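Take a look at the structure below.
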Amino acid sequence: MRVDGVPMRTVWWAGRGRVRMINQPLLPHRFEVVDMPDYHATAEAIRSMVVRGAGAIGATGALGMAQAAVEAPEKDFHAFIAQAASELRGTRPTAQNLFYGINTVLAAIEREGAAINQAREAAIAAANAVCDDDAACCERIGEFGAPLLADRRRVNTHCNAGWLAFVDWGSALSPVYRAHRDGVKLFVYVDETRPRQQGSQLTAWELGQEGVDHAIIADNATGHYLKAGAIDVVIVGSDRIAANGDVANKIGTYSSALAARANGVPFYVAAPTTTIATHTPTGDDIPIEERSDEELLYAWGWSDDGHFIRVRTSPSNSRGKNPAFDVTPAALITGIITEKGIVPATPEGIASVAR
Ligand code: MRU
């Protein structure tokens, strides 16, 4: 996608063992690209959400494994790789793509056996392939999803499932970008997405860069607009899809799905098949990340004199509870838009596209 008109990806292999990525917490106020010099730095970037979003952290996990393969000493090569995989896996628990990216590179390394130099090359090639595959799948999701928007032009989305959350194109926003480029005039209601504000800070910025008309709404306004008939379709992304079709996505998604169902509005989930976890039977089996309550008790932003500051917005003696994701039951989902087509959120539908 484009930043100030220049085509760009979210995260990429920069050569000589370095990984480069967009520094997402600075958006929308400052655009900056940062270098991760080793796999520890890359793991920390995932943990601290410098890079975030299911596909983007999957690609970053893969690239972190490639860094580990470059860094690993010949003597303890495989022990070093196992330690790196464990550290990268421990960064965030919910998004399936992270485990997919790490395991794909691990398998490529293991295929080379004792041939260390070949293993290093295979790791870099596999990580780049994970990135390219993510971008290609997301582009296909746009092609399958765009026809849904031909006569449903007022779209609502939650969190950021745009290109920043993947390597390119995005999942939920890919049909929007495809339709927009094909000349369809759309309007997107962007849920703010408390507490990290991926909607107001990232989705709104992305849509602005692509010239898509949109408005940011408070999360608790979504039901109001659905009831008022102002929204024709809801499309969200996913961090993990269970084998029965239940979907984990950013906290607040479940409430939107309930409100959509109550008002007869179609509710689609868009995700590459790398998000499907066939070993996770139902939504109840998906680990839900609990993040620091600081995300809830404080707000972050830019002061008028150009400083990035945080301010406390709650009583100093209050605590918070901050689950990062929730699960939407399959029964509330109209369909799942994948790179292989749109399938029902049923065990059969999931099995028909799972890798
Ligand atoms: O906590 P984040 O920002 O990594 O959240 C993940 C997500 O981007 C969303 O849940 C998104 O809707 C899933 S699709 C990438």
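The values are calculated or read from the model by the stated rules, or taken from the named source; none is laboratory data. These numbers were taken from a predicted model, which means no experiment stands behind them. Note that we place each Cβ from the backbone using ideal geometry, even for glycine, and neighbour counts take in every protein chain shown. These area figures cover heavy atoms from the full protein model, side chains too; ligands, DNA and RNA do not enter into them. Shrake-Rupley method; radii C 1.70, N 1.55, O 1.52, S 1.80 Å.
Carbon and sulfur atoms: what percent of the 1.4 Å accessible area of the chain do they account for? Answer for the chain: carbon and sulfur cover 52 percent of the accessible area.
Across the chain, the relative contact order, built from alpha-carbon pairs under 8 Å that are at least six residues apart, equals 15 percent. Counted by Cβ distance under 14 Å from ARG194, the other residues give a net charge of -3, where Lys and Arg count +1 and Asp and Glu count -1. Restriction of the trypsin sites (Lys or Arg not before Pro) in region 242-329 to DSSP coil positions whose beta-carbon has at most 10 other beta-carbons within 10 angstrom yields ARG319, LYS321. About its Cα centre, the dipole of the chain is roughly 460 debye, where the only charges are +1 on Lys and Arg Cβ and -1 on Asp and Glu Cβ. Classify region 141-353 from the C-alpha gyration tensor, please: rounded if a/c falls under 1.5, else prolate or oblate depending on whether a/b exceeds b/c. In terms of gyration-tensor shape, oblate. Scoring 150-162, 86-98 by mean Cβ neighbours within 10 Å over their residues and listing the highest first yields 150-162, 86-98. Taking 16 Å as the straight-line reach from the Cα of LYS250, the lysines in range (excluding those fewer than 8 positions away in the same chain) are LYS321. When the chain is treated as a Gaussian network with alpha carbon springs shorter than 10 Å, the biggest mean-square fluctuation among THR60, THR280, THR338 belongs to THR280. Entry comment: accessible area of the chain is 40 Å² per residue, from protein heavy atoms only and a probe of 1.4 Å. With a cut-off of 13 Å between beta carbons, the residues surrounding PRO323 carry a summed charge of -1, where Lys and Arg count +1 and Asp and Glu -1.
Largest GNM mean-square fluctuation among GLY306, GLY283, GLY64, using the chain with Cα springs under 10 Å: GLY306. Ranking ILE342, VAL11, ALA230 by Cα position along the charge dipole of the chain, where only Lys, Arg, Asp and Glu carry charges on their C-beta atoms, puts ALA230 farthest toward the positive end. Over region 141-353, Cα pairs under 8 Å with separation of 6+ residues give a relative contact order of 22 percent. By the gyration tensor of its Cα atoms, with a ≥ b ≥ c the square roots of the eigenvalues, what is the shape of region 69-160: rounded for a/c under 1.5, prolate for a/b over b/c, or oblate? Judged from the Cα gyration tensor, region 69-160 comes out prolate (a/c at least 1.5, a/b above b/c). Using equal-weight Cα scatterers in the Debye expression, the normalised intensity of region 127-183 in log10 at q = 0.17, 0.22 Å⁻¹ is -0.50, -0.78. Each Lys and Arg Cβ is given +1 and each Asp and Glu Cβ -1; about its Cα centre, region 244-355 then shows a dipole of about 140 debye.
Divide the volume of the convex hull around the Cα atoms of the chain by the residue count and you get 140 Å³ per residue.
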